[in-house]
Structures are given as structure tokens and as C-alpha cells.
1. Just wondering, is there one or more residues in the stretch 10-31 that are closer than 18 Å to residue 75 by Cβ, at pLDDT 95 or above and assigned to a loop (DSSP other than H, G, I, E, B)?
2. I'd like the residue in the stretch 33-85 that is more than 21 Å from residue 19 (Cβ to Cβ) and within 12 Å of the chain's Cα centre (by Cα) and, out of all such residues, is surrounded by the most Cβ atoms within 10 Å (Cβ to Cβ).
3. Is it true that some residue in the stretch 40-47 is under 18 Å from residue 80 (Cβ atoms) and part of a helix (DSSP H, G or I)?
4. Inside the stretch 48-75, can you point out the residues that are over 21 Å from residue 4 (Cβ atoms) and not in a helix (DSSP H, G or I)?
């Protein structure tokens with residue numbers, strides 16, 4: 001299921017509220033929460049290094065936020081660089 005722009009922005013807003021503006025801007029600039037396939041949430045980050053950092057450090061936070069916004073189980077957050085989009 002492709003996420004709507006509103007769902008994408010809602011997840012971004014919650015993450016930003018928790019992390020703060022400077023950390024959010026440093027790590028999540030250009031991010032797009034794209035689609036859900038069962039328990040998987042696909043996310044596109046600006047580059048490979050940022051994708052790895054998000055997946056390692058923020059996947060659990062993102063999964064929890066997405067679970068509440070989308071009202072479905074999100075067990076795995078897959079973060080890909082936009083080059084692979």
C-alpha cells in the first residue's frame with residue numbers, strides 16, 4: 001500500500017517532534033516514507049550513508065510511530081537510498 005502524502009508528513013512530524021529540529025534536519029532531510037507491504041515499511045533516504053544510519057539508529061522509533069499513525073503492525077523498517085527508488 002502506497003502511503004499518502006498526509007501519512008508521510010504525519011510520520012515525519014512525529015519523528016521531528018521527538019528528535020528535535022536540528023537532529024531531524026541533519027538525518028532526515030529529504031526522507032520519504034513510501035509504502036507498506038504487510039509488516040514492512042519502506043523508506044527512502046537521501047543517500048546510502050544516511051539510509052544506514054536511519055535503519056541502525058531510528059528504525060524502532062519509526063516503526064512505533066508508523067504503527068500508531070497507520071494503525072497496523074510495522075515490524076521492519078527498510079531504508080533505501082533514493083538512488084534505488
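The values are calculated or read from the model by the stated rules, or taken from the named source; none is laboratory data. These figures come from a predicted structure and were not determined experimentally. Heads up, the Cβs are rebuilt from the backbone with ideal geometry, glycines too, and the neighbour counts pull from every protein chain shown.
1. The answer is no; no qualifying residue exists.
2. In this case the residue turns out to be 36.
3. No, every residue in the stretch 40-47 fails to be under 18 Å from residue 80 (Cβ atoms) and part of a helix (DSSP H, G or I).
4. Selection gives 75 alone.
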